[in-house]
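What follows is a set of notes on a single structure, which appears directly below.
The values are calculated or read from the model by the stated rules, or taken from the named source; none is laboratory data. What you see is a predicted model, and the numbers here were worked out from it, not measured in a lab. A quick note on method: Cβ atoms are made from the backbone with ideal geometry, for glycine too, and the neighbour counts reach across all protein chains shown. Surface areas here come from the heavy atoms of the whole protein model, side chains and all, with no ligands, DNA or RNA. Shrake-Rupley method; radii C 1.70, N 1.55, O 1.52, S 1.80 Å.
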Amino acid sequence: MAGIRALQRRVKRIESARKPRPSPIIILFNSFEAFADAAYADVEAGRVAGEFLPILDILRDWEAGGVWMLAYAR
């Protein structure tokens, strides 16, 4: 029975490792749109340079494309 329990724990660990992980943006802001809204507000207030907006578009593409999963795989 101990072997079966060890196998169950191992399978559980493998299955949890395969679950999709949220990106750091999702972890901090709960959604990408909340992050984008905060970024636009900071640009309008002058706290962040306007050159950040193209970077925001790139981050949005990364979020949609699942680039973060590749980062976690390493």
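How many residues, within region 1-26, are in a helix (DSSP H, G or I), free of Cβ contacts under 8 Å to residues at least 12 places away in the same chain and either surrounded by fewer than 10 Cβ atoms within 10 Å (Cβ to Cβ) or of a type outside the set (Val, Ile, Thr) (or both)?
16
Checking the conditions here, which among 42, 61, 37 is free of Cβ contacts under 8 Å to residues at least 12 places away in the same chain, surrounded by 13 or more Cβ atoms within 10 Å (Cβ to Cβ) and charged (D, E, K, R)? Lay out the reasoning, then the answer.
Values: 61 fails: surrounded by 13 or more Cβ atoms within 10 Å (Cβ to Cβ); 37 fails: surrounded by 13 or more Cβ atoms within 10 Å (Cβ to Cβ).
After ruling out the rest, the residue left standing is 42.
Condition first: among the charged types (D, E, K, R) and under 17 Å from residue 65 (Cα atoms). Now tell me which residues in region 19-48 satisfy that.
So the first thing to find is which residues in region 19-48 are among the charged types (D, E, K, R), and the list is 19, 21, 33, 37, 42, 44, 47.
Selection gives 19, 21, 33.
Hey, can you tell me all the residues within region 45-58 that are part of a loop (DSSP other than H, G, I, E, B) and open to solvent by less than 90 Å² (accessible area, probe 1.4 Å)? Explain how you work it out, then say what you get.
Within region 45-58, the first condition is being part of a loop (DSSP other than H, G, I, E, B), and the residues that meet it are 46-51.
Residues satisfying the conditions are 46, 48, 49, 50.
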